[in-house]
Every structure is written in structure tokens, then in C-alpha cells.
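Structure first, then comments.
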Amino acid sequence: MAKRRFLRDFIGVLNSNVFSIICGVLVVILLTRILGVDGFGLYYALLVIPIIVVSLTHLGVRGASIYMIGQKKYSDDAIVSSVIFILLFTSILGILFSIGAYFIFYEPEYTILLIGLVILIIPFRLGIVYIGGIFFGKDEIKEANRLEWAINLINLILAIILVWGLDLGLLGAIISLTTANILVAIWAFLLINQKFNISFRLIPQIVKKLLSLGIMYAFTFFVVQLNYRLDILLLEKLSTIQQVGIYSLGVHIVEQLWTIPFAISVVLFSRTANSKDQNIMTQSTISLARLSFIIIFLLSVVVIFVAPYIIPAVFGSEFNPSIEIINLMLPGVIILVIFRVLSGQLAGMGKPYLAIYVFLPALIINILLNFLWIPEYGGKGAAWASDISYAVGTFGYWLIYSREVKVGFFEILRFKKDDISIFIESKNKLKVNGKLK
């Protein structure tokens, strides 16, 4: 296992995410300008189903492989071979689930070609997710990061050519995303084929272990993902495609604030799975949660002030209603930062299922409030429902976390000057080693 300090791992993930976000935002700007509110809403609505399906059908193999590789009870080659074997099964499962979902949530604007192209993303996206988990398990975070930013970079290049250059509209946007996933998946397979001795055979003991542990990760991720994405499907059914477009842009912008806590959570997951001292991990995790909360709160204030100028200038005046969605979503996004950081440690401890206890009730609340508020308030109602759901889930998760790691309930509120020491110490050690760039 590569011996890296936390700061360098965090910066590596953050830099990759920032670059990926820049590419993603440029794609969104391009699509909103060319497709308009309705076209962008349809684009987002088309992609929600595969996002949700992948969150379920990956069966938690990514998280399970990180944990099992970190535990070192089986050979890496055997684990990787088993992961690839499972991929064949989950790809078929994901395609079948998606076909059923599009049948249920079918819209007249969905053509067979568009649906087919979107469904084609699923096996390749699953492959990228699985292989990324293998790299994280080996603590090769740099390799895992490359897979993520490469998708958005290729998608941007192809979108410029197909959507803008060739004027293929929504079809060009879907072709760009599908092709990007296919190319990156092929590249990922070539990488692991060089690093591991892969054999396409069933290893019952390891497959059973991956699936039994993975199902916990899968169901947890699925429930949390539904809290993030189900509102768009409900908005599509209970309101208009224009509301979907307005709401989707607002959500896309505010969710970029999760870049920092996501980067922290990813590193915590990997390092917790490989750690022998959970007390130190707990102290670091709580400090990082407090720091993340402060940083995202301050960034949110900036967003509130700049959004009224950026939205019309960059995306067009027809997206001005997204400004209100952004402002309404920010409280929930800020609160959920705590969960996104804390969950990294418990997932690395092999206990992702604890999130289900609070986020399943939060999901039910989210659904009920969406049905209550969307018909009358549209995207604003969906935003209010998300805020309440995120707050309920985060508060409940902190309660469970504090009991699980045996810390005081109010510990999360005790901001300390030395919270930032985890970064300062890491920075100093990197300087000593001559590795800080």
C-alpha cells in the first residue's frame, strides 16, 4: 500500500474533482445555451434513471472491494477477477431494470434511440465504478481519479463537436456521454489488465463475500441516491419539463459544493479500511466534518451573492428562476456536508448500512412532501422537501455515529483551533520530504 499523507490524497481527489467539475460545468453551459430549458430538462430527466439504476445494480461491489482489498485476507488477483465476474451479471441486471424503469416513467419525448443510447451507458459505467473501487482499495487514488475526470473531459470535447459543431441537439448530447463512458471503461480495463492477473472464473468464496458485504453498501447508496434524484422524476410527473430544467440546473450548481466533503469522504473510506487505529480516525473525521461545514457555509454565502449575476450571463435569462432554487437548496446542502464526511469512516469500517436507519425514513418524508408540494409550487416544493429530508437524515446519522464511535453528542459542535492541524501537519511533513508541489 502506498504510504501517502492525508493532505496529498485529499488534494489529489479534490484537484481531479475540480477539473472534472469545470469540464462538467462547461458541458452544462453548452447544453443550456443550445438545448434551452425544455431540452436541458429532458436531457437531465433521461439520465436520472440510469443514475439510480447504477446505484442499485452495482450491488455495492465498489465499496466491498475497497474494504476487502484493504483487509488483505484474499489475494488481489482473486478479488479483481471476482469483481469482473460480478460485472457481467450486474450489467445485464442493470439493463433489464432500466428497460422496466423507462416503461414506467415513459415520456413521449423519449425515442427508442435515445433510450437505447442511455441504457448502453450502464455496463460501461458499472465497469468504471468497479475498477475505481479496486484502485481505491490499493490506495492508488491517483489512478481512480483519472477515470472520473476523463469521462467529463471526453464528454466536453464530443459535446462541442456533436452538439455545437454538428448541431445534433439532444441526440448529440447523449451520444457524447455514452461514448465518453465507453472509451474510459475500455481504458480502465486495459489498466487493470496490466496490473493484475485476471482470470474470468467463478471463485465462490470471494464472490459470496463481495456480494454479502456489497449489498449493504448498495442498498445504502441506493437509498441515499434516491434522496438526491427521485425529486427530478417526481417533478417530471407532477409538473412540467420546464420545471425539471430550471430545478436541474439549480441542483447541479449547489451540488458542486459537495466537492470538498466528497474528496474528504473518499480518502477517509480508503484510509479507514486500511487503518488499525480507529480512535485516531474518529478524531480526524470529526475535525474534518467541522472544517467542511464552515468552508461550505462560507462558499454558500458567496454563491448567494454571485448567482444572480452568473446565471443570466452564463446560462441565459430563461434560467433566472434557477436562482431561487439555488437559494432554497443551500440550507439542506450545507447540513448534509456533515453526513457526507462522517459516512466515509463508517463505510470504511464495513458499516455503511447504518445510514439506512435514518435515510430510509428521510426518503419517505422526501417523497410525501414532494407529492404534497410539487403540484402547487413546482421546483420550489421539491427544494423544500430536499432540505427537510437532508436535515432529518444528517441529524439522525450524527446520533448513530456518535454512539457507534463513542463520542459525545455535542462533540460535533465543539469547534477547535487545532481542527486544521490535520492539514498543517500533513503539509509540513510533505515539505520535509520535498514532495509538496
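Values quoted throughout were computed directly from the atomic coordinates according to the rules given, and no laboratory measurement underlies them. In this text the structure is predicted, and so the values were computed from the model without any measurement. Using ideal geometry, Cβ is built from the backbone for each residue, glycine included, and neighbour counts are taken over all protein chains shown.
Between N279 and E376, what is 0.36 nm times their sequence separation minus the Cα-Cα distance? Round to one decimal in nm.
Length gained, N279 through E376: 30.0 nm.
Could you work out how far apart the two model spin labels at R414 and L368 are, taking each label as a point 7 Å from the Cα in the direction of the beta carbon, and quote it in nm?
For R414 paired with L368, the spin-label model returns 3.6 nm.
What FRET efficiency, computed as 1/(1 + (r/R0)^6) with R0 = 35 Å and r the Cβ-Cβ distance, is obtained for E255 and I161, rounded to the nearest 0.05? Walk me through the numbers before you get to the answer.
Details: r = 27 Å, r/R0 = 0.77.
Taking R0 as 35 Å, the efficiency between E255 and I161 is 0.85.
Multiply the residue separation of Y357 and L88 by 0.36 nm, subtract the distance between their alpha-carbon atoms, and state the gained length in nm to one decimal. Working shown, then result.
Working: separation 269, 0.36 × 269 = 96.84 nm, distance 3.08 nm.
Extra length from Y357 to L88 when fully extended: 93.8 nm.
If the only charges are +1 at each Lys and Arg Cβ and -1 at each Asp and Glu Cβ, what is the size of the charge dipole of the chain around the Cα centre, to the nearest 20 debye? Walk me through the numbers before you get to the answer.
Values: 34 positive and 24 negative charges, 426 e Å.
Result for the chain is approximately 2040 debye, rounded to the nearest 20.
With no solvent and one equal point scatterer placed on each C-alpha of segment 32-106, evaluate the Debye formula and give log10 I(q)/I(0) for q = 0.11, 0.12 Å⁻¹, two decimals.
-0.44, -0.50
Starting from the Cα of N193, step 7 Å along the direction of its Cβ; do the same at K237; then give the gap between the two resulting points in nm.
For N193 paired with K237, the spin-label model returns 4.2 nm.
Mind checking which helices in the chain clear 24 Å along their axis (Cα) and have mean Kyte-Doolittle hydropathy of 0.0 or more, DSSP H runs only?
Details: long enough: 6-57 (43 Å, 1.81); 76-104 (41 Å, 1.96); 112-137 (38 Å, 2.40); 141-159 (28 Å, 0.62); 169-195 (40 Å, 1.53); 204-238 (46 Å, 0.93); 278-310 (46 Å, 1.66); 321-348 (40 Å, 1.57); 356-377 (31 Å, 1.63); 379-404 (37 Å, 0.05).
The qualifying helices are 6-57, 76-104, 112-137, 141-159, 169-195, 204-238, 278-310, 321-348, 356-377, 379-404.
Read through the labelled values [x] 20.4; [y] 30.0; [z] 59.5 and report the label of the one computed as mean projected area of the Cα convex hull in nm² from the structure.
Computed from the coordinates, mean projected area of the Cα convex hull in nm² corresponds to [x].
With runs of 4+ DSSP H residues as the only contributors, calculate the mean residue ellipticity of the chain at 222 nm using -39,500 (n - 2.57) per run, divided by the residue total and rounded to the nearest 500.
Details: 14 runs with 349 residues, N = 437.
Helix-only estimate at 222 nm: -28500 deg cm²/dmol.
With Cβ to Cβ distances under 15 Å as the rule, what net charge do the other residues near S91 carry (K, R +1; D, E -1)?
On the way: positive: R62, R125; negative: none.
Once all neighbours under 15 Å are counted, the net charge is +2.
For the charge dipole of the chain, defined by +1 on Lys and Arg C-beta atoms and -1 on Asp and Glu C-beta atoms about the Cα centroid, which residue among V407, A289, V224 has the Cα displaced farthest towards the positive pole?
V407
Which of these, K208, K237, K380, has the largest mean-square fluctuation under a Gaussian network model of the chain (Cα springs below 10 Å)?
In this elastic network of the chain, the residue with the biggest mean-square fluctuation among K208, K237, K380 is K208.
Once Lys and Arg get +1 and Asp and Glu get -1 on their Cβ, which of N181, Y74, I374 lies farthest toward the positive end of the dipole of the chain?
Looking along the dipole axis, the top candidate is Y74.
Would you tally the net charge around Y397, using a Cβ to Cβ cut-off of less than 12 Å, leaving Y397 out, and scoring K and R as +1, D and E as -1?
Its environment carries a net charge of +2.
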